[in-house]
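Right, one structure below, let's go through it.
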Amino acid sequence: MKIKEVLQFLESKFPLQWQEDFDNSGMQCGDKEQEITAALVCFEFSDAVIEEAIRLNANLIVAHHPLIFGNGLKKIEPTDRVGRMVCKAIENHLVLYSMHTNVDSGIGGGNYVFAEKLKLKDCEVLDPKFLFNRDENGLVGLGQVGKLSRAMSVTNFVQYVKDCLGLKVVKYAGNIKRPVKTVAVCGGSGSSLIRQAMKAGADAYVTGDIRYHDFFIPDNQMLIVDVGHFEGEHFIKDILYAELKENFSNFAIHFSKMDKLDILYA
């Protein structure tokens, strides 16, 4: 089986046209026409993950975050993080492939799972962008908004979020007196959807990467809970691994053991 056949399957589940305009999901580098030996699934590309793929004889690495991102790659040299990994991947005949905001937005994707982890009911897409037609009509887009089974005080809700996501610490600010019933979520970096969460009538918005001044945007009309970027979407690699494991049995599929960024708190 060629690598491109595996990628075609993944794109049938989470089409690349579902990604945001700023994104660079899809091929990062490599030759997808080659026969697949094994696949390695991770959250983030790193030197350690590439070395792990080489040890496992896996010539396809599927990650959530793109390696090539931002203002565009001007040159490739092994003198910086991106260039070093691209050179190492090409040297070892690896294909690097990203599934980023197309999975965040997709049916059964990252934000669906995020909402499930908080046990939200009657969920809708927070920021709908695309009409989805497969078995039934629906919308895809970033974020979800739904309801808790019962209203909670802010103190209880914050603890509930920590328990559901297995966290010890979160940041929160906003209306701490208003009971929380309707909740919006967006995995990763969600500051751009604060106003969308307010428009959706959310009592609380759970996301990551909230800057200091972002907490002022709701003007004390909504609670914002910042769980962290990684903490709100690391489970996306579980989605990708499960899709591959369930649909392919003719090559090995590995879950990365080197996929981590150790952030220390003092």
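The values are calculated or read from the model by the stated rules, or taken from the named source; none is laboratory data. Please read these numbers as outputs of a predicted model, since none were measured by experiment. Neighbour counts run over all protein chains shown; Cβ positions are idealised from the backbone, glycine included. Side chains are part of the model used for accessible areas, which takes the heavy atoms of the whole protein and leaves out ligands, DNA and RNA. Shrake-Rupley method; radii C 1.70, N 1.55, O 1.52, S 1.80 Å.
Can you name the residue in region 6-21 that is in a helix (DSSP H, G or I) and open to solvent by less than 10 Å² (accessible area, probe 1.4 Å) and, of all such residues, is nearest to residue 100 (Cα to Cα)? Filtering region 6-21 for residues that are in a helix (DSSP H, G or I) and open to solvent by less than 10 Å² (accessible area, probe 1.4 Å), the one nearest to residue 100 (Cα to Cα) comes out as 10. Selection of region 188-212 for residues being open to solvent by 10 Å² or more (accessible area, probe 1.4 Å) and over 20 Å from the mean Cα position of the chain (by Cα) yields 195, 198, 199, 200, 201, 203, 212. Quick check: is even one residue across region 213-226 open to solvent by 30 Å² or more (accessible area, probe 1.4 Å), free of Cβ contacts under 8 Å to residues at least 24 places away in the same chain and under 30 Å from residue 50 (Cα atoms)? Scanning region 213-226 turns up no residue that is open to solvent by 30 Å² or more (accessible area, probe 1.4 Å), free of Cβ contacts under 8 Å to residues at least 24 places away in the same chain and under 30 Å from residue 50 (Cα atoms).
Checking each residue in region 237-266 for being at pLDDT 90 or above and out of contact with any strand residue (DSSP E or B) (no Cβ under 9 Å at 6 or more places or on another chain) picks out 239, 242, 243, 246, 247, 249, 250, 257, 258. Filter region 213-248 down to the residues that are closer than 27 Å to residue 108 by Cβ and among the acidic types (Asp, Glu), then identify the one that is farthest from the chain's Cα centre (by Cα). Here the residue is 246.
Checking the structure you have, find out if any residue of region 130-145 is at pLDDT below 95 and of a type in the set (Asp, Glu). Yes: one or more hits. In the set 6, 41, 49, only one residue is among the β-branched types (Val, Ile, Thr) and touching a helix residue (DSSP H, G or I) at 6+ places or on another chain (Cβ under 7 Å); that residue is 41.
One residue alone among 24, 71 is in contact (Cβ under 8 Å) with a residue 40 or more places away in the chain, open to solvent by 10 Å² or more (accessible area, probe 1.4 Å) and in a loop (DSSP other than H, G, I, E, B), and that residue is 24. Does residue 40 satisfy the criteria of being in contact with an Asp or Glu (Cβ under 7 Å, 6 or more places away or on another chain) and either in a helix (DSSP H, G or I) or closer than 20 Å to residue 255 by Cα (or both)? Here the answer is yes, as residue 40 does meet what is asked. Residue 205 fulfils the conditions (1) touching a residue at least 40 places away in the same chain (Cβ under 8 Å); (2) out of contact with any Asp or Glu (no Cβ under 6 Å at 6 or more places or on another chain); (3) under 26 Å from residue 121 (Cβ atoms) except for a single criterion, (1). Of all the criteria given as (1) touching a Phe, Trp or Tyr at 6+ places or on another chain (Cβ under 8 Å); (2) at pLDDT below 95, the one not satisfied by residue 64 is (2). Against the conditions (1) under 17 Å from residue 118 (Cβ atoms); (2) in contact with a helix residue (DSSP H, G or I) (Cβ under 8 Å, 6 or more places away or on another chain); (3) open to solvent by 10 Å² or more (accessible area, probe 1.4 Å), residue 255 satisfies every one except (1).
Among strands (runs of 3 or more DSSP E) lying entirely in region 79-187, which contain 1 or more residues that are closer than 22 Å to residue 21 by Cβ and open to solvent by 40 Å² or more (accessible area, probe 1.4 Å)? It comes to 121-133, 137-152. The set of residues in region 43-63 being part of a loop (DSSP other than H, G, I, E, B) and either in contact with a Cys (Cβ under 8 Å, 6 or more places away or on another chain) or farther than 17 Å from residue 25 by Cα (or both) consists of 57, 58, 59.
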